[in-house]
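Heads up: the structure comes next, in structure tokens.
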Amino acid sequence: MDYNPLHDSLGFMISQTYRKVASFTMLHFKPYGVTTEQWVVLLTLARHAGITQTRLADLTKKDKTTITRILDSLQRKALAERRQDAGDRRAIRVFATDEGKRLANELADVERHAMDLLFDSYTEEEKEHLKSALLAVQQCVDAQT
């Protein structure tokens, strides 16, 4: 049997699945005016107040240019703010506003609901197995790069 990457490649299947799940989640986020990409950054800020943009990029696995773009958008929406570090005037610290924290937590519930809808037919054991398999793939990629 011939290898057909469109049907046989695990990498392609993971990529396609990511796109579909992200698109499905975005449908649930749309009424809130925040993308899933913005939410990940906002949630990270809500849980790590006052971090630098470099640390934020590391935690969210995004490049610095993407982080700058997302932060600019979140600032325009009054969900995040940049502040000069009191101890080092060259350093900028990033924070979620009170509204940003509230929205980040609300969207965590929205995301959970969306995932519950997608994985309703899975047992807890099957979900844990899937998580373990996906984490193993991530670790393998990390070890290779």
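Return the subset of K30/K61; K30/K77; K101/K131 for which the Cα-Cα distance in this structure is over 19 Å, preserving the input order.
Working: K30/K61 23 Å; K30/K77 14 Å; K101/K131 27 Å.
Listed pairs above 19 Å: K30/K61; K101/K131.
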*Quick one: length gained pulling L27 to Y3 fully straight, 0.36 nm per residue minus the C-alpha distance?*
5.2 nm
_Can you order the peptides 82-90, 111-119 by their average number of other Cβ atoms within 10 Å per residue, highest first?_
111-119, 82-90
*Test item: Cα-centred dipole of the chain, Lys/Arg +1 and Asp/Glu -1 on Cβ, debye*: 940
*Mean residue ellipticity (222 nm) of the chain, computed from DSSP H runs ≥ 4 via -39,500 (n - 2.57), nearest 500*: -22000 deg cm²/dmol
*Give the cross-link partners of K20 among the aspartates and glutamates, using a straight C-alpha distance below 19 Å as the criterion and excluding same-chain residues fewer than 8 apart.*
D8, E37, E111, D116, D120
*Does the chain come out rounded, prolate or oblate, given a ≥ b ≥ c as the square roots of the eigenvalues of its C-alpha gyration tensor, rounded meaning a/c under 1.5 and, failing that, prolate meaning a/b above b/c?*
prolate
*May I ask for the angle, rounded to the nearest 10°, between helix 10-29 and the longest principal axis of the chain, with both axes built from Cα atoms and the value confined to 0 to 90°?*
50
*Order the peptides 39-49, 54-64 from the highest to the lowest mean number of other Cβ atoms within 10 Å of their residues.*
39-49, 54-64
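Taken together, the values in this text are just the output of simple stated rules run on the coordinates, not laboratory data. Note that the structure is a prediction, hence the values are computed from the model and not measured. All Cβ positions, even for glycine, are placed from backbone atoms using ideal geometry, and neighbour counts span all protein chains on display.
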